[in-house]
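Only one structure is covered here, and it is reproduced in the block below.
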Amino acid sequence: MTPPSSTKPKRRVVRNLLFSIFTKAQGGVFSYLTTLLLLRAFKVEEYGLYSVLFLGLIPNLALAARFGVPNLLMRFIPEYFYQNNFRMISRLLRAANIFHVASAGLLLVITWLFAETLSGWFHFAQSYDVLRIFAVGAFVFLLGENYRILFGSVFLHSTIFWRNLIYNVLRLAGIYIATRTDNPLQAVVIVEAVLYVVSLILFVVAYHRNVAPRAAEDHGPHEPAPRARFINYTILGYANELGVMLLGWAVDLFIVSAYLGGETAAMYGLAMRVFSIMYGFLPSNFLSVVITPLFFSEYGASKEQARFGFTLLVKTSLLSTIPIAVWMSIMSRAVIVDFFDPRYAEAGKLLAVMSIFMFMDQLRYPVGLLLQNAERNDLLLYSKVFGVAKIAIGVWLVPLYGAVAMVWITCLSVAGQNLLSYYWIVRILKSPTDHKGVGRLLLNGLISAAIFYPLHFLFRGPVGVLGSGVVYLLIFLAINILHKGFTPEERNFINQKIPWRIWLF
C-alpha cells in the first residue's frame with residue numbers, strides 16, 4: 001500500500017501512555033465502588049443474575065456477535081493511521097457500524113421474542129423483563145465498542161479517558177440511586193442500558209470532532225480496499241475469537257449457573273470481578289491499548305523485526321504480573337472479606353486459583369500479538385481446541401466437584417493454549433523468546449512467595465492487607481535486582497525510554 005501522504009501522523013506515545021494509565025486507574029476505582037454498592041443492595045442470588053448478564057453475556061456478545069470485525073479494526077486502522085489514510089479509516093468504521101446494526105439488531109429481536117425461555121435457561125425464570133432491558137443496552141454497547149477501538153487505534157487515548165470519566169461518574173451516581181429503589185436489580189439494569197446510550201453519544205460526538213474532519217480533508221489518491229486481505233483476516237480472527245470466548249472466564253458463569261445455581265454464580269462472579277480489577281492495574285494491561293497499535297504500526301510491514309519487541313513484552317508482563325498474582329493468591333480470602341463483603345468469603349478460594357495462573361493469562365497478550373502481527377490467525381485458531389475441551393470437561397466435572405473445578409479447568413486450558421501458540425512461534429515464525437531470562441523471573445516469583453508466605457498471617461484488617469502488598473512487592477523487587485531476568489541490551493533500551501536509569505532488573 002502506498003501512503004497517501006509522506007507526512008507521518010504524530011502518535012504522542014508518552015502522552016497516550018499516561019492517558020491509558022489514568023483511564024485504567026479511574027476505571028478500577030469506579031469498578032470497586034460500584035461493586036460495593038451492588039453487593040450491599042442485592043441479595044446473593046440477584047448478584048448472581050447481574051454477574052451472568054454483565055460479566056458473562058456482555059463479554060461473550062462482544063466476541064460472538066461482532067463476527068471478527070473488532071480484530072479487523074484493531075489490526076488495520078493503526079496501519080492506515082501510520083499512512084495518514086483517514087479516508088480508509090472512515091470507510092472501515094462505517095462498514096463496521098452498518099454490519100453491527102444488522103447483526104446486533106437480529107440478536108435484540110430474538111431476545112425480546114424469547115426472553116421468558118432464555119431467563120429459564122439461566123435459572124432466573126422471573127427475570128425476563130430484566131433480560132429485555134439488558135438486550136437493548138447490549139445492542140448499543142456493541143455499537144459503541146467500534147468507536148472505542150477506533151480512538152485507541154489512532155492514538156486518541158485522551159478522548160477515551162474523558163469519555164470513560166464522564167461515563168463512570170454518571171454510572172456511579174445512577175447505580176447509587178437505583179440501589180435505593182424497591183426493585184434495585186431492575187433499576188440498575190435500566191441505568192446500565194441508559195448509560196450505554198450516553199456512552200455511544202459521547203463517542204459519536206468525539207468522532208465528528210476529531211476524526212471525521214481529517215477524513216474529509218484526506219485528498220490522497222483513491223485506493224480500493226484490499227477486500228481479500230480483509231475478509232481472510234476477519235474470518236480467521238472471528239473463529240479465533242470464538243475460541244477466546246470459550247476459554248474466557250465469562251462463559252464459566254453459564255456452566256456454574258446452570259449446574260450450581262444463583263448463589264454459586266454470585267461467588268464466581270465476585271471472584272471474576274476482583275480478578276478483573278486487579279488485572280486492570282497490571283502495567284502491561286493498561287499499556288496494551290497503546291502498545292497494540294504501536295506494535296502493528298511499527299512491525300506491520302516488517303514482521304521479521306518483531307522478535308525483540310515480543311521478548312520485551314513477555315518479560316515486562318511477567319515482571320509486573322508475578323507480584324500481583326502471588327500476593328493475591330496468598331491474600332485472596334482477606335481481600336474478599338475486608339474490602340468487599342464477608343458473605344462472599346468462599347469466593348476467596350476461587351480467586352486464589354485464578355491468581356495463581358494470572359501470569360499465564362497475561363501471556364496470552366504478547367503471544368497473540370506476535371501471531372496477529374504476522375497475520376497468522378490460523379495458528380491462533382488451532383490453539384483454541386483447548387476451549388472446546390474446556391467446555392466438555394467443565395460440563396462433566398462441575399456437577400461433581402463444584403465451582404473450584406471450573407476454575408482449574410479454565411486455568412489449565414489457557415495454559416495449554418499459550419504453550420501451543422508459543423510452539424507455533426518457535427516452529428514457524430522462528431521467534432523464540434529469552435528462555436533463560438523468563439526462567440529467572442519465574443524462579444524469583446517462587447523464592448519471594450516462599451519468603452512471604454510464613455509472614456502473611458501477621459497482616460490483619462484492610463490496612464494490614466494493603467501493607468502486606470507493599471512488603472511482598474519490596475521482597476520481589478529486591479530479589480529481581482539481585483537475580484536479573486533482563487539482558488544488558490534490554491535494560492539499556494528501556495532506560496533510554498524513561499527519565500531515569502532505574503530499570504535494574
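No value in this document is a laboratory result; all are computed from the given coordinates. Just so it is clear, the model here is predicted, and its values are computed rather than measured. Backbone-built Cβ (ideal geometry, glycine too); neighbour counts: all protein chains shown.
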Going residue by residue through the range 325-336, the Karplus relation 6.51 cos²θ - 1.76 cosθ + 1.60 with θ = phi - 60° gives ³J(HN,Hα) values, rounded to whole Hz and with x marking Gly or Pro, of 5, 5, 4, 5, 5, 7, 9, 4, 4, 5, 4, 4
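Tell me, in nm to one decimal, what length is gained between Val388 and Leu442 on full extension, where the rule is 0.36 nm per residue of separation less the Cα-Cα distance?
Working: separation 54, 0.36 × 54 = 19.44 nm, distance 2.89 nm.
Contour length minus the Cα-Cα distance gives 16.5 nm.
In deg cm²/dmol and to the nearest 500, what is the mean residue ellipticity at 222 nm of the chain if only DSSP H runs of at least 4 residues count, each as -39500 (n - 2.57), divided by the residue total?
On the way: 25 runs with 395 residues, N = 505.
Calculated from helices alone, the mean residue ellipticity at 222 nm is -26000 deg cm²/dmol.
Do any of Lys315/Lys430; Lys430/Lys497; Lys384/Lys484; Lys24/Lys497 go past 25 Å between their Cα atoms, and which? Please report the intermediate quantities before stating the final value.
Values: Lys315/Lys430 18 Å; Lys430/Lys497 27 Å; Lys384/Lys484 34 Å; Lys24/Lys497 22 Å.
Result: Lys430/Lys497; Lys384/Lys484 exceed 25 Å.
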The simple spin-label model distance between Gln496 and Lys43, using points 7 Å out along Cα→Cβ, in nm, is 6.3
By the C-alpha gyration tensor axes a ≥ b ≥ c (rounded if a/c is under 1.5, else prolate when a/b exceeds b/c, else oblate), the shape of the range 386-505 is oblate
So, with points 7 Å from each Cα along the Cβ direction, the Ala239-Thr181 label distance in nm works out to 4.5
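How many percent of all Cα-Cα pairs in the chain sit more than 39 Å apart? Write out the running numbers ahead of the final one.
Working: 29008 of 127260 pairs.
Above the 39 Å cut-off, the chain has 23 percent of its Cα pairs.
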Quick calc: nm separation of the 7 Å Cα→Cβ label points for Ala212 and Leu170 -> 1.8
